[in-house]
Amino acid sequence: MPFSGVRQNFYASSLPSSWTSCYRASYSTPMSSSTLSSIQSSCNKRYLLLGCRMSSTMFIVAAMGHRNDVLYNCYSTTTCKHVANGVAWYYSTSYSWGFADGSDSVQRSICDISGINSNKRLCWHTNGNGGYRCGSATNLNSSSSYEKVIYHSA
């Protein structure tokens with residue numbers, strides 16, 4: 001993998017050519033179980049990168065990992081995290097999907113609301129709402145200025 005841990009101010013153009021975009025939507029776009037199924041069909045390679053950005057090419061925050069780690073099911077457990085590649089991952093089809101720095105705890109009140117190292121966190125609602133957190137920016141559920149982006153690679 002090109003990097004470990006959570007990256008900030010990261011350009012997708014610095015990824016090897018094997019990494020391609022497979023999902024992109026504004027934070028105002030709801031994620032439901034059918035959306036997640038579609039994402040998993042489109043983003044079907046071995047490694048995934050989750051990131052968020054404003055309408056530019058630079059990710060505010062991004063992290064990558066093995067598909068099984070990025071999709072580690074925490075259900076609705078509020079403190080669940082799965083640490084891999086220096087990142088604390090969590091996922092649920094009816095709660096939230098995101099990450100924090102691997103050494104930090106998470107506090108999922110549906111989405112992660114922890115203020116510790118807030119600039120190294122990302123959280124998207126998966127219960128039919130929009131996104132929530134892109135680094136330190138929160139309450140982005142209806143924002144059309146921020147984008148949720150996923151890349152994948154074999």
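Yes/no per residue for (1) closer than 24 Å to residue 83 by Cβ; (2) more than 15 Å from the chain's Cα centre (by Cα):
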{"position": "7", "(1), (2)": "yes, no"}
{"position": "24", "(1), (2)": "no, no"}
{"position": "27", "(1), (2)": "no, no"}
{"position": "31", "(1), (2)": "yes, no"}
{"position": "37", "(1), (2)": "no, yes"}
Name every residue in segment 98-136 that is under 16 Å from residue 59 (Cβ atoms) and in contact with a helix residue (DSSP H, G or I) (Cβ under 9 Å, 6 or more places away or on another chain), in order of residue number. 99, 100, 101, 133, 135, 136
Condition first: farther than 15 Å from residue 91 by Cα and either among the acidic types (Asp, Glu) or outside any loop (DSSP other than H, G, I, E, B) (or both). Now tell me which residues in segment 120-147 satisfy that. 120, 134, 137, 146, 147
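The rows are residues; the columns are (1) touching an Asp or Glu at 6+ places or on another chain (Cβ under 8 Å); (2) closer than 17 Å to residue 26 by Cβ.
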| site | (1), (2) |
| --- | --- |
| 54 | yes, yes |
| 73 | no, no |
| 105 | no, no |
| 117 | yes, no |
| 135 | no, yes |
Quick check: anything in segment 113-131 at pLDDT 95 or above, within 23 Å of residue 12 (Cα to Cα), in contact with a strand residue (DSSP E or B) (Cβ under 6 Å, 6 or more places away or on another chain) and hydroxyl-bearing (Ser, Thr, Tyr)? no
Give 68, 85 a once-over and let me know the one that is within 16 Å of residue 2 (Cα to Cα) and polar (S, T, N, Q). 85
Regarding residue 57, is this residue touching a Ser or Thr at 6+ places or on another chain (Cβ under 8 Å) and more than 20 Å from residue 121 (Cβ to Cβ)? yes
Name the residues in segment 65-113 that are out of contact with any Cys (no Cβ under 9 Å at 6 or more places or on another chain) and among the β-branched types (Val, Ile, Thr), would you? 70, 77, 78, 79, 83, 87, 93
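The values are calculated or read from the model by the stated rules, or taken from the named source; none is laboratory data. What you see is a predicted model, and the numbers here were worked out from it, not measured in a lab. For neighbour counting, all protein chains shown are included, and Cβ atoms are generated from backbone atoms with ideal geometry for every residue, glycine included.
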